[in-house]
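Every number in this text was worked out from the coordinates using simple rules, so none of it is lab data. This is a predicted model, so every value here is computed, not measured. Cβ coordinates were reconstructed from backbone atoms using ideal geometry, including for glycine residues, and neighbour counts include every protein chain displayed.
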Amino acid sequence: MPFAPAKAEVKVEVAGKPEERPSVAPLLVAIALLAVGVLGVAYVSKRR
Amino acid sequence: MPFPPASASKTITVVGALSLQLEVDKTDVLPDDVVTFTARLLSDSTPVANGYVQLYPVGWDPQAYFIARGYTDSEGRFTYEWRVPWRLFGATKLPDQPYQGFKAVLLDELGRLTDVESNEIRITVYYPVTISIVEIPSQAYVGVPFTVRGTLYYKDEDGYWHHEKLEGATVNVYLDGELVGTPAVSHGDWSIEMRIMAPGTYTITAEFEGSKAMTKVEVM
């Protein structure tokens, strides 16, 4: 069963490595830990 | 019983052996393409005008089935432009056959077949095929894999594009002319993952080779 040949072409632009955005997750964790620490210290101080 | 002498005479021209040569402008075609047949009637090497010639497909009874009839010109030529149909006389679909043969035959003045027959010309009719690259990122990044997706379809006599007969066919994918993979087609779709290691603008080419080296390629 004969099929005709076919061809398609596209151009693609390849850039350097994508910039790695600093993740906000570690910052949020640090803030949360700090807040817990501050609240903990305040709580303990108040109890005394 | 005496009888006077009597005589009768008529002129007859005896020409050299007749021969028919058949030529065609292309032998790899798609349905609806126009093929030009040229039959040439010669007596030895002299063109014969007004010869009544018939073109017919081999395998069919030339008494009943032919694609054209006509007379040779002063150069001994009978030319006919034939639009390639999907089916000959409503029978087997031409792209389902490896080729179809054609011959020319000389007819006498009453339209009967003679023994003067041409060489056979074989024409292959192909299913039209279309290949597309339908998905590719507008921008890729060095070293980051991305997927190229495409389609491969053939046109059938209903005028629609189908994929069934191309199931499992392979597509050659090139990056700037270098083969990077041969994904298989499934349900008319193919895909390949790529990774490019240096920045720049690249050409991705997807190519379906077809069944035979047919030169007419449409670049999408």
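Considering amide H positions built from the backbone, and no H for Pro or chain starts, which residues 5 or more places from B:Arg87, or on another chain, come under 5 Å of its amide H?
Under 5 Å from the amide H of B:Arg87 lie the amide H atoms of B:Leu94, each far enough along the sequence or on another chain.
So what is log10(I(q)/I(0)) for the stretch B:1-109 at q = 0.21, 0.23 1/Å, when the Debye sum runs over its Cα atoms only?
Taking Cα atoms of the stretch B:1-109 as identical point scatterers yields -1.14, -1.28.
Using only atoms on other chains, find how many Cβ atoms lie within 10 Å of each Cβ of peptide B:202-211 and report the average.
Values: counts 5, 4, 5, 4, 5, 5, 6, 4, 6, 5.
Mean shielding count: 5.
Along the charge dipole of the protein assembly as shown, which of A:Pro26, B:Tyr174, B:Tyr141 sits closest to the positive end, that is, farthest toward it, with unit charges on the beta carbon of Lys, Arg, Asp and Glu (+1, +1, -1, -1)?
Ranked along the dipole, the leading option is A:Pro26.
For B:Asp32 paired with A:Met1, estimate the spin-label separation in nm (one decimal), with each label point 7 Å from Cα along the Cα-to-Cβ line.
2.0 nm
Just to check, using Stokes-Einstein with a Kirkwood Rh over alpha carbon pairs, what's the diffusion coefficient of the stretch B:129-219 at 4 °C and 1.567 mPa s in µm²/s?
Working: Rh = 14.1 Å.
In µm²/s, the coefficient is 92.
Using +1 on the beta carbon of Lys and Arg, -1 on that of Asp and Glu, and nothing else charged, what's the dipole of the protein assembly as shown about the Cα centre, debye to 20?
Numbers: 24 positive and 33 negative charges, 280 e Å.
Result for the protein assembly as shown is approximately 1340 debye, rounded to the nearest 20.
Is there a quick way to get the dipole size of chain A? I mean about its Cα centre, with the Cβ of Lys and Arg at +1 and of Asp and Glu at -1; what is the value in debye to the nearest 20? All intermediate terms of the calculation are to be shown ahead of the outcome.
Working: 7 positive and 4 negative charges, 104 e Å.
Dipole of chain A, to the nearest 20 debye: 500 debye.
Please name whichever of A:Ala35, B:Ser19, B:Thr114 sits farthest to the positive end of the charge dipole of the protein assembly as shown, dipole taken about the Cα centre and charges placed at Cβ: Lys and Arg +1, Asp and Glu -1.
Positive-end residue among those listed: A:Ala35.
Lysine pairs in the protein assembly as shown with alpha-carbon atoms under 20 Å apart, 8 or more places apart or on different chains: how many are there?
Eligible lysine pairs with Cα atoms under 20 Å apart amount to 16.
With charges set only on the Cβ (+1 for Lys and Arg, -1 for Asp and Glu), what does the dipole of the stretch B:18-125 come to about its Cα centre, in debye to the nearest 20? Spell out each step's value before the answer.
Details: 10 positive and 16 negative charges, 55 e Å.
Using Cβ point charges on Lys, Arg, Asp and Glu, the stretch B:18-125 gives about 260 debye.
Treat each spin label as a single point 7 Å out from the Cα along the C-beta direction, and report the A:Val36 to B:Arg195 distance in nm.
3.8 nm
Against the globular-protein guess of 2.2 N^0.38 Å, express the Cα radius of gyration of chain B as a ratio, rounded to two decimals. Don't skip to the end; give the middle numbers.
Numbers: Rg = 27.6 Å, N = 220, 2.2 N^0.38 = 17.1 Å.
Here the Cα radius of gyration is 1.61 times the empirical estimate.
Can you tally the net charge around B:Lys165? Count Lys and Arg as +1, Asp and Glu as -1, for every other residue whose Cβ sits under 10 Å from the Cβ of B:Lys165. If you can, show how the numbers build up before the last one.
Details: positive: none; negative: B:Asp96, B:Asp156, B:Glu164, B:Glu167.
That sum, taken over residues with Cβ under 10 Å, equals -4.
For an R0 of 35 angstrom, estimate the FRET efficiency from the Cβ-Cβ distance between B:Lys93 and B:Thr182 and round to the nearest 0.05.
Values: r = 28 Å, r/R0 = 0.81.
According to the calculation, E is roughly 0.80.
For the protein assembly as shown, state the semi-axes of the equivalent ellipsoid (square roots of 5 times the eigenvalues of the alpha-carbon gyration tensor), sorted largest first and rounded to whole angstrom. Numbers along the way, then the final one.
Numbers: eigenvalues 1198, 60, 23 Å².
Ellipsoid half-lengths, sorted descending, are 77, 17, 11 Å.
Towards the positive end of the charge dipole of the stretch B:18-125, with charges on Cβ (+1 Lys, Arg; -1 Asp, Glu), say which of B:Val48, B:Phe89, B:Phe66 has the farthest Cα.
B:Phe89
Please give the FRET efficiency for B:Tyr65 paired with B:Trp161, using the beta carbon to beta carbon distance and R0 = 30 Å, rounded to the nearest 0.05. Write down the numbers at each step before the final one.
Values: r = 31 Å, r/R0 = 1.04.
Efficiency for this residue pair is about 0.45.
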